[in-house]
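Here's the structure we're looking at; comments come further down.
All of the numbers you see were taken from the coordinates with simple rules; none came from a lab. Since this is a predicted model, take the numbers as computed values, not measurements. Here the Cβ positions follow ideal geometry from the backbone for every residue, glycine too, while neighbour counts run over all protein chains shown.
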Amino acid sequence: MKAFLVMGRVFKAAYDELFLCIIISLLWWAGALLVVTAGPANMGLHYVANRMANYRRVGMNFFWDGAKQYIGRGWLLLALVVLMTAGLFFNISFYGSGPGWSQAIGFAWLWLLFFFLMMAQYFFPLFWQQDEPDFLLILKNAFLLALRHPLYSLLMLLFMIALVVLSFALVVPVLILMPALVALAGNFGLNGLLQEMDLAPEPPEIPRN
């Protein structure tokens with residue numbers, strides 16, 4: 001399936017640019033822990049990941065370039081993801097702890113959470129994929145991608161969740177690779193769909209001797 005092919009591309013890209021992935025992951029953690037710089041750090045991380053997914057030149061300078069651009073819209077997108085996820089979790093907890101009919105409503109909220117996360121994995125990749133980022137267009141396209149490609153989107157989401165769980169289980173990778181791997185998964189995941197529409201470049205061919 002296409003999703004498993006894309007997962008392989010994520011690991012290959014991380015291996016090929018291992019040192020860069022470690023550095024930008026550590027910078028992302030530094031920005032996230034300071035909170036006030038979480039938005040710009042997230043933008044910088046995804047800018048590098050998007051360039052990698054499009055097989056373009058990458059380097060540390062692109063992290064700083066991405067972090068300095070669109071700070072307001074980057075924060076708005078990050079706040080949307082955090083607040084919507086927290087709100088959906090609250091509804092799941094509230095209805096899930098009630099009587100039988102309430103638990104059925106809680107189950108519906110759980111599916112809404114999964115669908116939102118299926119959309120959210122495309123938010124930042126779409127942001128950098130557009131020539132001129134448009135907030136409403138990002139939301140619309142993310143909704144359509146999750147709706148039209150539910151199995152692919154679900155598999156890529158589960159892949160990202162697995163990366164996070166495994167990283168925390170292994171302790172050290174959570175500090176040095178997890179942010180970059182998750183960002184790469186989102187951007188390669190988006191491009192996997194765009195390639196089928198001829199809207200993103202295919203992986204370069206490796207010359208044979």
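Computed values, structure above
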| item | result |
| --- | --- |
| Helical mean residue ellipticity (222 nm; -39500 (n - 2.57) per DSSP H run of 4+; nearest 500) of the chain | -27000 deg cm²/dmol |
| Cα gyration tensor, region 3-86 - rounded (a/c under 1.5), prolate or oblate | prolate |
| Sorted peptide list for 177-183, 197-203, criterion being average Cβ within 10 angstrom, highest first | 177-183, 197-203 |
| Region 57-155: radius of gyration and largest Cα-Cα distance (Dmax), Å | 16.6, 56 |
| Kirkwood-based shape ratio for region 2-196, expressed as Rg/Rh from alpha carbons | 0.98 |
| Nearest-ten-degree value, helix 178-196 long axis tilted from longest Cα axis of the chain | 80 degrees |
| Highest average packing first - 161-174, 33-46, 58-71, Cβ atoms within 10 Å | 33-46, 58-71, 161-174 |
| Principal semi-axes in Å for region 109-203 [√(5λ), Cα gyration tensor, largest first] | 23, 16, 12 |
| Length gained when the stretch Phe135-Phe94 is fully extended (0.36 nm per residue, less Cα-Cα span) | 11.7 nm |
| Estimated distance in nm for a label pair at Phe168 and Phe143, the labels positioned 7 Å out from Cα along Cα-to-Cβ | 3.1 nm |
| Sorted by Cβ density within 10 Å, fewest first, the residues Glu132, Glu196 | Glu132, Glu196 |
